[in-house]
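Q: Please read through the structure below; I'll follow up with questions.
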Amino acid sequence: MKAANTDDRGATTIEVTGKAVKVTAPESVRDFVREHGGKLYLWTTVHGVCEGRVTLLEARTERPSDASLVFEPVVGAGFELLIALAGRRPPEELVLELGRGGRKLKAYWNNWAYVN
């Protein structure tokens, strides 16, 4: 079953903290989230690399243990989507996919694996 206003790619536009965000989540992602409790948490993590620091977007169906993360519920994604923006503006688009083997979720911020 598709969420309201969802196109064939699973894309729907929803509002996140006052900004329209296009969320693309194929039916396989929606089914995976529902089968794993119905909630999807998205948050950022900062990693040190040779050239400096990079911020990545994490996606899990279980709430992370970091108590400092403040999640905001987002309505209209076809499942319960909770996002911790950590002071960042919402992206224009969130793309959600299942990785190889269909066991791990991947999230892309404006089609990038890192947050810009």
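The values are calculated or read from the model by the stated rules, or taken from the named source; none is laboratory data. What you see is a predicted model, and the numbers here were worked out from it, not measured in a lab. With ideal geometry, Cβ positions are generated from the backbone for all residues, glycine too; neighbour counts draw on all protein chains shown.
Q: Taking only the range 1-41 into account, find how many residues are at pLDDT 90 or above, surrounded by fewer than 17 Cβ atoms within 10 Å (Cβ to Cβ) and assigned to a strand (DSSP E or B).
A: Matching residues across the range 1-41 total 0.
Q: Further, regarding this structure: Can you name every residue in the range 42-56 that is among the aliphatic types (A, V, I, L, M) and modelled with pLDDT under 90?
A: Val46, Val49, Val54, Leu56
Q: Of all residues being among the acidic types (Asp, Glu) and farther than 14 Å from Tyr41 by Cα in the range 74-96, which is farthest from the chain's Cα centre (by Cα)? Just the residue, please.
A: Here the residue is Glu92.
Q: Select from the range 102-115 the residues that are without any contact (Cβ under 8 Å) to a residue 24 or more places away in the chain and part of a loop (DSSP other than H, G, I, E, B) and write down the one among them that is surrounded by the fewest Cβ atoms within 10 Å (Cβ to Cβ).
A: Within the range 102-115, the match that is surrounded by the fewest Cβ atoms within 10 Å (Cβ to Cβ) is Arg103.
Q: Of the conditions (1) of a type in the set (Ser, Thr, Tyr); (2) under 15 Å from Leu96 (Cβ atoms); (3) assigned to a loop (DSSP other than H, G, I, E, B), Ser65 satisfies every one except a single condition; which number is it?
A: The number of the failed condition is (2).
Q: Related question: Restricting to the range 81-101, name every residue that is of a type outside the set (A, V, I, L, M, F, W, C) and either more than 17 Å from Thr24 (Cβ to Cβ) or in a loop (DSSP other than H, G, I, E, B) (or both).
A: Gly87, Arg88, Arg89, Pro90, Pro91, Glu92, Gly99, Arg100, Gly101
Q: I would also like to ask the following. Which residues, taken from the range 48-91, are among the aromatic types (Phe, Trp, Tyr) and touching a Lys or Arg at 6+ places or on another chain (Cβ under 7 Å)?
A: Phe79
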